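To start, the structure itself, in structure tokens.
The values are calculated or read from the model by the stated rules, or taken from the named source; none is laboratory data. Every value quoted in this text rests on a predicted model; they were computed, and no experiment measured them. With ideal geometry, Cβ positions are generated from the backbone for all residues, glycine too; neighbour counts draw on all protein chains shown. Surface accessibility is based on the protein's heavy atoms, side chains included, excluding ligands, DNA and RNA. Shrake-Rupley method; radii C 1.70, N 1.55, O 1.52, S 1.80 Å.
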Amino acid sequence: MSSPPVPPSTARTESELESACGGMRVAAELLPAGMANDRLGKFGVWLPHPMATPDGVRELEQLGYGAIWLGSSPAADWDGYEALLSASESITIGTSIVNVWASPAEESARTFHRLEDRYPGRFLLGIGAGHREQNDGYTKPFDALVNYLDELDEAGVPKERRALAALGPKVAELARDRTAGALPYLTTPDHTAALRTLLGPDTLIATEHKIVLDADPERARTIGRDYTRFYLTLSNYANNLRRSGFGPEELEGPGSDRLVDALILHGTPDRILDAATAHLRAGGDHVALQVVGGDHLQALRTLAPLLTAHAN
């Protein structure tokens, strides 16, 4: 069986890069990578928040990962933040994301200040507008984000300690202007390249990417399709992938091989390293790896020496 494809070089034509980020106008030559957040490092881990344990976070910190991104929309007042921070020494804990329809800004601000008082500089508040298919009252999501950020301003949550889930140009620009930066999810290195050109060199881009540590491409794609099938039912993701050049037939059901290979990195550790770092070569600051299928800690243990060597 052939090995899974590595994402191609980030050198793209102007029109290809423009389409990769939903019409964002980009230059043919990429801008230099953005100013990295020293606390995040180059590589982190994205986990559904119920899977994050104090022992696991401590081990991931010792392995050299710079951040843990708590996914599956943890509540702003989730009672697990302190346990993860107290079990570790310096790793950043970020939310990816707190849903603005589910957690009031006042709660997010209270949590931020409580954690900041006890663990200074170690909590990053990621927020997002969710999906119309999942959230009651989903109307005018851009306005909802603006209002939420206004309330965080009033509550004294610093711009540089919050970030926005961002796919398209309008919310990405809001992330640049009102937060530390963007938290793209289910995207490709071309999307990262277009974001970097739009946002300039100093805005954080911390991109999630899914991985399956398996050198058998058919088996890895089968695992990956269990995830893409769900995400393709959500219009925000499906629309962004259309703008990124995937055709309607590729977005049907669980998605085409090309789509799955782009969204679910798979192969040997060396191949996954090369594919994951394509986001960094495209101008990203940080890649949050989400292991799908199998033992996530074991996969992250296997990858850690390669990632650490690359980051250094």
With all protein chains present, region 187-312 has a carbon and sulfur share of its accessible area (1.4 Å probe) in percent of 51 percent
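Note down the net charge around residue 102, summing +1 for each Lys or Arg and -1 for each Asp or Glu among other residues with Cβ under 12 Å from its Cβ.
Values: positive: none; negative: 77, 107, 136.
Here the charged neighbours net out to -3.
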Can you order the peptides 78-86, 299-307 by their average number of other Cβ atoms within 10 Å per residue, highest first?
299-307, 78-86
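Evaluate the relative contact order of the chain (contact order divided by residue number), counting alpha-carbon pairs under 8 angstrom at least 6 apart; express in whole percent. Please list the in-between numbers first.
On the way: 622 pairs, mean separation 77.6, N = 312.
The value is 25 percent.
Provide the three semi-axes, in whole Å and in decreasing order, of the ellipsoid equivalent to region 142-212 as defined by the square roots of 5 times the Cα gyration tensor eigenvalues.
Three semi-axes, in Å: 22, 12, 11.
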Mean accessible surface per residue for region 139-283, computed with a 1.4 Å probe while every protein chain stays in place, in Å²:
37 Å²
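In region 31-151, what percent of the accessible surface is made up of carbon and sulfur (1.4 Å probe, ligands and nucleic acids excluded)?
Carbon and sulfur atoms account for 49 percent of the accessible area of region 31-151.
What share of Cα pairs, in percent, lie more than 30 angstrom apart in the chain?
27 percent
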Obtain the nm distance between the two label points defined at residue 134 and residue 258 by a simple spin-label model: each point lies 7 Å from its Cα along the Cα-to-C-beta direction.
2.8 nm
Rh by Kirkwood over Cα pairs, then Stokes-Einstein D for region 181-289 at 1.567 mPa s and 4 °C, µm²/s:
92 µm²/s
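Charges only on Cβ, +1 for Lys and Arg, -1 for Asp and Glu: so what's the dipole of region 85-233 about the Cα centre, in debye to the nearest 20?
240 debye
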With point charges of +1 on the Cβ of Lys and Arg and -1 on the Cβ of Asp and Glu, referenced to the Cα centre of region 130-173, which listed residue (166, 142, 130) lies farthest in the positive direction of the dipole?
166
Return the calculated 222 nm mean residue ellipticity for the chain, to the nearest 500 deg cm²/dmol, obtained by summing -39500 (n - 2.57) across DSSP H runs with n ≥ 4 and dividing by the residue count.
-12500 deg cm²/dmol
Straight-distance crosslink candidates among lysines, where the alpha carbon sits under 22 Å from residue 159 and sequence neighbours closer than 8 are dropped
42, 170
In terms of the ratio Rg/(2.2 N^0.38 Å) built on C-alpha atoms, what value belongs to region 136-175?
1.20
